[in-house]
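Inspection log for the structure reproduced underneath, given as structure tokens.
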Amino acid sequence: MSTKWGIQDAPPLKGKRAVVTGANSGLGLETAAGLAAAGAAVVMACRDAAKAAAAADEVRRRTPQAQLEVMSLDLADLASVRKFAQDYAAQYAQLDILCNNAGVMALPFTKTRDGFEMQMGTNHLGHFALTGLLLPRLQAAPAARVVVVASLAHRWTRGLNLDDLNFERTPYRKWDAYGKTKLANLLFAFELDRRLKQAGSTVIAVAAHPGYASTNLQFVGPAMERSAFGRLTMQLGNALFGQPAAMGALPTLYAATMPEVRGGDYYGPDGFQELRGHPKKVGCSPAARDLQTAARLWTVSERLTGVRYLS
């Protein structure tokens with residue numbers, strides 16, 4: 001693998017169709033732009049229609065020939081997830097690349113429309129349901145990929161409480177909760193790949209993380225809390241440690257496009273502490289590879305979302 005890989009090194013994606021969740025800003029916008037530049041037809045799956053339209057304009061400004069479509073998706077609402085999957089299936093016969101990118105970070109305790117804790121509901125459960133509902137279209141493609149965007153934050157938590165995934169009884173600490181969702185993302189990605197293999201599917205599942213990327217993600221929590229100190233802390237962190245979103249998106253783009261990628265791989269930046277740099281294969285915490293926890297999380301996720309697949 002070249003240490004200086006960029007999207008210009010990706011194979012041509014003409015004829016391939018991709019869905020990127022949370023494509024209206026930050027890593028999602030850069031992922032959508034990269035896939036479009038490589039020739040894929042990209043569906044930008046976003047909650048905010050106005051922001052998504054502006055993001056699509058930005059991608060077209062960079063790549064005038066970009067094939068783009070904006071579709072409405074709110075991962076914090078299972079009805080919206082189901083509608084998106086139905087609308088996609090009504091229009092398209094197959095899906096080659098699904099980038100489960102959207103996420104929220106370190107929010108004060110709030111709930112999704114379905115009563116899930118907002119971070120777990122958006123980052124994990126919404127994507128779990130979406131992947132299952134889109135699976136028939138992924139299976140219809142010759143060699144589809146699901147890329148789950150995780151984070152270094154998966155190492156910050158001691159593990160998941162599968163009996164209380166939504167913090168109904170456990171004390172809620174926003175950063176620990178965020179770490180738990182990112183651990184859930186990895187457990188899901190690796191378990192999804194195992195189950196796809198067992199089913200004899202040609203679809204593979206991989207994971208990627210952006211290192212420390214400077215995006216709007218860091219500012220949503222402080223804004224909700226009206227915390228000037230929180231905002232200042234995030235600005236300082238971004239300035240000192242952050243890399244541009246375009247760099248942070250490279251591990252996802254590598255995982256989504258390159259021929260040597262294998263199911264169950266995990267990619268991140270190659271720099272100091274994986275905070276920044278170009279894509280390489282990286283390790284994860286032992287908790288993220290725990291087979292028993294992954295299987296239990298799958299069962300709990302099916303029960304909570306009502307979406308059953310590969311069981």
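Filter the range 78-104 down to residues that are within 21 Å of Leu196 (Cα to Cα), buried (at least 19 other Cβ atoms within 10 Å of the Cβ) and without any contact (Cβ under 8 Å) to a residue 60 or more places away in the chain, then give me how many there are.
Start the filter on the range 78-104 by keeping residues that are within 21 Å of Leu196 (Cα to Cα), which leaves 85, 89, 93-101.
Checking the rest, the ones that are also buried (at least 19 other Cβ atoms within 10 Å of the Cβ) come to 85, 95-101.
Remaining after also requiring without any contact (Cβ under 8 Å) to a residue 60 or more places away in the chain: 85.
The number of residues fulfilling the criteria is 1.
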Exercise for the section: Please find, within the range 105-123, the residue that is surrounded by the most Cβ atoms within 10 Å (Cβ to Cβ) out of those that are hydrophobic (A, V, I, L, M, F, W, C) and at pLDDT 95 or above. Expected result: Met120
Practice task
Answer yes if at least one residue in the range 131-139 is over 22 Å from Asp265 (Cβ atoms) and of a type in the set (Gly, Ala, Ser), and no otherwise.
Solution key: no
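Any idea which of Gln292, Gln218 is under 25 Å from Thr31 (Cβ atoms) and either modelled with pLDDT under 95 or assigned to a helix (DSSP H, G or I) (or both)? First the steps, then the outcome.
Details: Gln292 fails: under 25 Å from Thr31 (Cβ atoms).
After applying the criteria, what remains is Gln218.
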Completion exercise
Only one of (1) in a loop (DSSP other than H, G, I, E, B); (2) of a type outside the set (Asp, Glu); (3) surrounded by fewer than 17 Cβ atoms within 10 Å (Cβ to Cβ) does not apply to Leu75, and that is (3)
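With the condition kept exactly as written, say whether any residue in the range 130-147 is among the β-branched types (Val, Ile, Thr), modelled with pLDDT of 95 or more, closer than 28 Å to Gly263 by Cβ and touching an Asp or Glu at 6+ places or on another chain (Cβ under 9 Å). Walk me through it before giving the result.
Taking the range 130-147 as the starting set, the residues that turn out to be among the β-branched types (Val, Ile, Thr) are 131, 146-147.
If we keep only those that are modelled with pLDDT of 95 or more as well, we get 131, 146-147.
If we keep only those that are closer than 28 Å to Gly263 by Cβ as well, we get 131, 146-147.
Now restrict to residues that are touching an Asp or Glu at 6+ places or on another chain (Cβ under 9 Å): 146.
Yes, because at least one residue in the range 130-147 is among the β-branched types (Val, Ile, Thr), modelled with pLDDT of 95 or more, closer than 28 Å to Gly263 by Cβ and touching an Asp or Glu at 6+ places or on another chain (Cβ under 9 Å).
May I ask you to say which residue of Ala90, Ala50 is part of a helix (DSSP H, G or I) and at pLDDT below 95?
Details: Ala90 fails: at pLDDT below 95.
Among Ala90, Ala50, only Ala50 is part of a helix (DSSP H, G or I) and at pLDDT below 95.
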Handout entry: Residues that are under 20 Å from the mean Cα position of the chain (by Cα) and surrounded by fewer than 12 Cβ atoms within 10 Å (Cβ to Cβ), drawn from the range 283-311
Key = Gly283
Handout entry: Hey, Ala41 buried (at least 23 other Cβ atoms within 10 Å of the Cβ) and under 14 Å from Leu98 (Cα atoms) or not
Key = no
Practice task
Go through (1) at pLDDT 95 or above; (2) in a helix (DSSP H, G or I) and name the single condition Gln273 misses.
Solution key: (1)
Fill in the blank from the handout: Checked the range 30-58 for anything more than 25 Å from Asp77 (Cα to Cα) and not hydrophobic (A, V, I, L, M, F, W, C); matches are Gly34, Gly39, Asp57, Glu58
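To keep it simple, each residue is scored yes or no on (1) surrounded by 17 or more Cβ atoms within 10 Å (Cβ to Cβ); (2) over 29 Å from Pro108 (Cβ atoms); (3) touching a Leu at 6+ places or on another chain (Cβ under 9 Å); (4) among the basic types (Lys, Arg).
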| site | (1), (2), (3), (4) |
| --- | --- |
| Gly132 | yes, yes, yes, no |
| Ala153 | yes, no, yes, no |
| Thr157 | yes, no, yes, no |
| Asp164 | no, no, no, no |
| Arg173 | no, no, no, yes |
| Tyr178 | yes, no, yes, no |
| Leu186 | yes, no, no, no |
| Val203 | yes, yes, yes, no |
Problem - Given (1) modelled with pLDDT of 95 or more; (2) surrounded by fewer than 17 Cβ atoms within 10 Å (Cβ to Cβ); (3) under 21 Å from Thr181 (Cα atoms), number of the condition Pro259 does not satisfy - result: (3)
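The values are calculated or read from the model by the stated rules, or taken from the named source; none is laboratory data. As the structure is a computational prediction, the values presented were derived from the model and not from experiment. When we count neighbours, we look across all protein chains shown, and the Cβ atoms used for this are built from the backbone with ideal geometry, even at glycine.
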